[in-house]
Every structure is written in structure tokens, then in C-alpha cells.
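Heads up: the structure comes next, in C-alpha cells.
The values are calculated or read from the model by the stated rules, or taken from the named source; none is laboratory data. Everything quoted here is computed from the prediction, not taken from an experiment. Because the Cβ atoms are built from the backbone with ideal geometry, glycine has one as well, and the counts that use them run over all protein chains shown. We work out accessible area using only protein heavy atoms, side chains counted, and drop any ligands, DNA or RNA first. Shrake-Rupley method; radii C 1.70, N 1.55, O 1.52, S 1.80 Å.
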Amino acid sequence: MRVFPWGFWLLCVASAPARGDSGSKARSCAEVRQLYGAKGFSLSGVPQAEISGEHLRICPQGYTCCTSEMEENFANKSRSEFEAMMKEAGRSVQATLTAQHRSFDSYFQDLLNKSEKALYDAFPSMYGELYTQNAKVFKDLYSELRRYYRSSNINLEEALNEFWTRLLERLFKLLNPQYHITDEYLDCMVKHAEQHRPFGEVPRDLKVKATRAFIAARSYAQGFLVGSDVVRKVSQVSLSHECTRAIMKLMYCPHCRGMSSVRPCTNYCLNVVKGCLANQADLSTEWKYLMDSLIGVADRIAGPYSVDTVIGTIHTRIAEAISNLQENKDSITSKVFQGCGNPKISTKGSSSEDKKRRGKVTLEAKSSAQALEMLVLDAKGNLTALKTYWITLPSSLCSKKIMASSASDDKCWNGMSKGSYLPEVMGDGLANQINNPEVEVDITKPDMTIRQQIMQLKIMTNRLGNANIGNDVDFQDTSDDVSGSGSGDSCPDDVCGKRLSKSPSTRQPETHAIPKQSGHGVHGASSRSLPSASLLLLLSVAVMAVQHLWR
């Protein structure tokens with residue numbers, strides 16, 4: 001009978017491709033061993049050559065150089081490395097915003113310091129006892145201005161009104177030393193004197209200009225700090241379990257597959273990172289509004305609000321106001337006496353006019369407008385560059401950190417093998433990830449930490465909008481940490497312990513060019529895969545048939 005020889009030959013042919021057409025020699029795992037050791041892991045138990053991959057939970061289950069322990073370690077490593085990439089990118093933005101805040105803050109504080117020093121240097125010789133006996137009034141004014149700028153809960157208009165009232169009371173007594181003036185009389189004097197503008201138009205003019213300048217300055221400085229704080233907190237949000245699996249598959253599965261030199265496909269990388277950073281991308285709209293608002297206030301500071309002129313000349317305006325009072329002393333005193341009556345004559349006698357005023361000294365205010373213009377120009381350039389930070393972050397990470405291949409490369413890692421990647425790139429933001437083929441994203445559960453930071457951006461933008469039109473804003477401390485657990489924890493329990501299942505109703509079918517998967521093996525381009533279960537069953541049946549014929 002000739003059936004047996006032919007049947008046996010067919011069985012031999014059928015089972016021949018089990019180890020691939022490159023022969024039975026398994027591929028070396030030298031590159032993976034080197035990488036694994038470089039990451040700080042022990043090489044004990046690491047295969048010298050490829051092994052069967054049925055144990056893999058994240059990477060494709062073809063021949064592999066990774067054990068279950070290696071896959072788990074690589075998954076944890078990929079998560080920590082990706083989070084480090086996020087923090088590094090965030091630190092760069094934080095550094096930019098912090099540097100802008102520091103530059104403006106230093107400039108603004110220097111303006112105040114120079115104005116205060118000029119007052120301290122010139123007023124003793126200009127006004128004698130008018131200044132020396134009332135130095136605390138001037139010192140308190142500058143202290144209040146600094147407190148307001150630092151976002152203390154101070155009403156700036158009330159602080160300025162209080163300064164002029166206290167100054168008027170002190171100067172009226174010193175200009176009329178021959179009278180005994182009680183506190184009750186001073187209250188009456190203030191009410192009558194203000195109707196006659198003892199300091200001229202200076203208090204009203206300075207209040208309008210200084211209020212606008214200070215509102216803009218402190219909102220501007222605070223805006224940089226809020227932006228930096230938002231980036232810091234968002235950069236600390238943990239990756240979800242699904243994202244950790246996707247990042248592992250993107251960054252380390254090609255090594256496990258013996259394709260260490262193959263870089264990830266660009267669009268594949270973009271889909272993974274966009275899925276992982278879906279919540280972060282939702283910051284983009286409010287973030288852009290904040291950058292635009294800062295640019296708008298910067299233009300006000302250097303333009304209509306003239307921060308340089310207003311803040312740098314406070315001392316000269318005060319000197320102008322005091323001179324107005326001195327020149328109109330007799331007229332003001334007469335009108336006060338008419339309204340409040342004549343005060344009693346003092347028994348202490350009068351001091352000489354020489355002590356009240358020792359002559360006029362011209363005060364000069366040096367302009368630093370050019371320095372402010374350069375500061376604003378630099379800030380606007382940086383703010384413009386940062387507008388698209390959140391939506392360009394995925395492409396930046398893929399190209400600069402993950403080192404994805406060029407867009408035209410059709411021999412890149414597509415998540416399953418070396419080849420082209422066909423799925424379209426998802427849009428930006430949480431809602432656009434509903435059909436992300438690489439990361440399972442629950443679009444109904446936004447990350448609360450990020451939602452709270454979006455609210456902080458809205459609040460700050462509103463403050464800047466008010467400052468842009470000269471309206472004061474109430475600055476409460478919003479820098480307290482807010483609760484939020486992030487969007488994920490660790491790999492071992494949920495990432496590496498079970499396979500991720502995708503719901504067909506929420507995911508598009510895989511369309512990229514990958515070999516078909518069957519049973520525990522993945523047939524690659526080189527046909528280096530294990531026999532499938534159906535093939536083994538067929539062989540068993542055939543052997544039984546041959547044995548029957550032999551009998």
C-alpha cells in the first residue's frame with residue numbers, strides 16, 4: 001500500500017515551518033540583555049536567546065526575549081520614564097514663566113525702592129520738620145503699596161486716601177504751631193479742607209494713575225505664578241493603567257521582539273501619547289486665554305498705564321502736593337477756621353518758618369522706560385511661544401524624547417511588528433479619544449486635578465481681564481494644593497496581571513498592517529512563530545489515520 005509513504009511525507013511538510021524559514025536557531029537576546037542591565041535590573045533569568053511568548057500580557061505573544069518579570073519591570077520603567085518626560089517638559093515651561101515673573105518683579109520693586117530712597121534723601125533738606133516729624137507716614141505709604149502689590153487683601157484707594165488724610169493732619173498742625181489743635185478739631189479740619197483741595201489735583205490724579213498701574217502690575221506678576229503652578233500640578237498627574245500598558249508597548253515591546261533598532265511609527269506614537277495626555281490637552285483653551293491676557297496687560301503696563309512713569313515718580317508727586325499745601329497755607333487755614341472755628345492759642349509758642357521749610361529742591365525721576373519696554377517685548381515673545389504648549393506636547397515628546405521615526409517610514413514599530421501604521425491620528429482632548437485604537441480612554445471621567453487647574457486658569461484670566469480695563473480684583477490665595485488622585489497607579493496588579501480587553505462598541509477595528517493573530521502565536525513577517533492549536537490538532541488526527549492504515 002502506497003498511502004503511508006505519501007501521508008507521512010505530507011505530515012512532514014506540514015510541520016516543517018514550525019520554526020520559520022530561517023532555520024531552527026533562535027535569535028540572540030544580547031541587545032535586550034544589555035538594555036535590561038543598563039536600566040538597573042539583574043540579568044539573572046534573562047534569556048540568552050528568544051523563547052516562546054505565551055506568558056506576555058502586554059507585548060505581542062510571538063517569540064520574545066522578555067520573561068513575565070522583565071515585561072513587568074519594563075512596564076514600570078516606561079511609566080516612570082514617561083512621567084519624567086512630562087515633568088521635564090513642564091519644568092522648562094515653569095522656568096520660562098518663573099524667569100518672566102522674576103524679571104518683572106525685580107523691575108517693579110526696584111522702581112518702588114528708588115522712589116522711596118529718593119524721598120528719604122531729598123525730603124529732610126526740602127521740608128525740615130515737616131518731613132522728619134512725619135517720616136513714618138511716608139514709610140507706611142510705601143509699605144502699604146508693597147503689601148498691595150504682593151496680593152495682600154488691601155484696598156488701594158482707601159490706602160491712598162488714608163495717606164493723604166494723615167499727611168494733611170500732621171502738616172496742618174506743623175504749619176500752625178501757634179494753635180492747640182485737638183483730634184476733634186482735626187476731624188472737622190479734614191472734612192472742610194478736602195473741599196478746597198489743599199494738595200491740589202495731585203491726590204486725585206495719583207489715585208487714578210497709581211491704582212491702574214498697581215492693579216495691572218500685580219495681576220501681571222500673579223499671572224506668571226499661576227501659570228507656573230498649573231504646569232507643576234498637572235505634570236504630577238499619574239498615568240492611568242491603560243496608558244501605562246500603551247506606553248510600555250510603544251517603548252519597550254520592540255526590544256522584547258528583538259527589534260531594538262526599530263523606532264516607533266510617528267502616528268502610532270502620537271495616538272498613544274494623545275490618549276495618555278487627553279485630559280492635559282483640555283487645558284489648551286484656557287491656557288491660551290491666559291497667555292493672551294498676559295500679553296494684553298503687558299501692553300497696558302508699557303503703554304497707557306505707564307508703570308515706569310507712575311511708580312517711579314510717586315515721591316515727586318508727593319513733593320508737588322506738599323508744595324501746593326504750603327503755597328496755599330493761609331487760604332486753606334482761613335477756610336478751615338471759618339468752618340470749624342478758631343482753635344485755642346498754644347502755650348508752647350511757634351517754631352520758625354526755617355524749621356518748616358528750608359527751601360525747594362528739584363526732584364528728578366530717572367526714566368527706566370527702555371528697560372520696561374525690553375522686559376515686555378521678551379515676555380510677549382515667550383508667552384506667544386507657550387500658547388500651544390498643551391496641544392503640541394504629544395508631537396514634542398514623540399519627536400524629541402521617544403524618538404519616533406519619520407512620518408514617511410514604513411518600516412517602523414507599529415505596536416505589533418515592523419511595518420507601516422495605518423490608523424488615523426486622533427484629535428486633541430478627552431472627547432476625541434473615544435475611538436483611540438491604542439489607549440482605552442473613558443471620556444466620561446475627566447481627571448479632577450486637571451479640571452481644578454482649568455478653573456484656576458479661568459479665575460486668573462478673569463483677573464487679568466479686569467486689570468486690563470483698570471478694575472481692581474480681589475486676590476485670594478489660590479495656591480493651596482487641591483485634591484486629586486491622578487489617573488492611575490502602578491503596573492503590577494492591573495497592568496501586568498491581566499490582559500486589557502477592548503470593547504468593540506467603543507473602539508475602531510485595528511487597521512494597521514500587522515500579521516494575523518491566532519491562538520498563542522503571532523505570525524510575523526519572517527514566519528518565526530509557534531504552530532497553532534488547530535495545526536497540532538490536524539496533525540494528531542492525521543497520525544491516528546496513518547496508524548489505522550498501517551494496521
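Worth pointing out:
- Cα-projected label distance for SER420 with SER396, points at 7 Å along beta-carbon direction, nm: 3.2 nm
- Long-range HN-HN contacts of TYR179 with modeled amide H, under 5 Å: SER346
- Coupling constants for region 416-426 follow from the phi torsions by the Karplus curve (6.51 cos²θ - 1.76 cosθ + 1.60, θ = phi - 60°), and in residue order they are 10, 6, 8, x, 8, 10, 9, x, 6, 7, 5 Hz; glycine and proline get x.
- Restraint check, LYS114/LYS209; LYS114/LYS380; LYS136/LYS209, Cα-Cα greater than 22 Å: LYS114/LYS380; LYS136/LYS209
- Rounded to the nearest 10 square angstrom, LEU112 shows an accessible area of 0 square angstrom against a 1.4 Å probe.
- Global geometry of region 107-148, whether rounded, prolate or oblate, following the gyration tensor of its Cα atoms and the 1.5 cut on a/c: oblate
- Mean Cβ neighbour count within 10 Å, used as a protection proxy, ranking 446-456, 37-47 highest first: 446-456, 37-47
- Gap separating the Cα centres of region 196-214 and region 368-420, nearest whole Å: 47 Å
- Sequence-separation-based contact order of region 29-73, relative, with Cα cut under 8 Å and 6+ spacing, percent: 32 percent
- The share of accessible area on region 29-73 that comes from carbon and sulfur is 47 percent, using a 1.4 angstrom probe.
- Ordering 74-87, 182-195 by mean Cβ neighbour count within 10 Å, with the highest value first, yields 74-87, 182-195.
- Label-to-label distance for SER125 and ARG102 is 3.8 nm, based on points extended 7 Å past Cα in the beta-carbon direction.
- The protection proxy used here, the mean number of other Cβ atoms lying within 10 Å of each residue, ranks peptides 245-251, 51-57 as follows, highest first: 245-251, 51-57.
- Rolling a 1.4 angstrom probe over the protein heavy atoms with all chains in place gives region 29-73 an accessible area of 42 Å² per residue.
- Length available on full extension from ASN113 to ALA30: 0.36 nm per residue minus the Cα-Cα distance, which gives 23.3 nm.
- Surface accessible to a 1.4 Å probe, per residue, for the residues of region 79-220, Å²: 44 Å²
- Taking 0.36 nm per residue of sequence separation and removing the Cα-Cα distance, the ARG91/HIS180 pair yields an extension gain of 25.6 nm.
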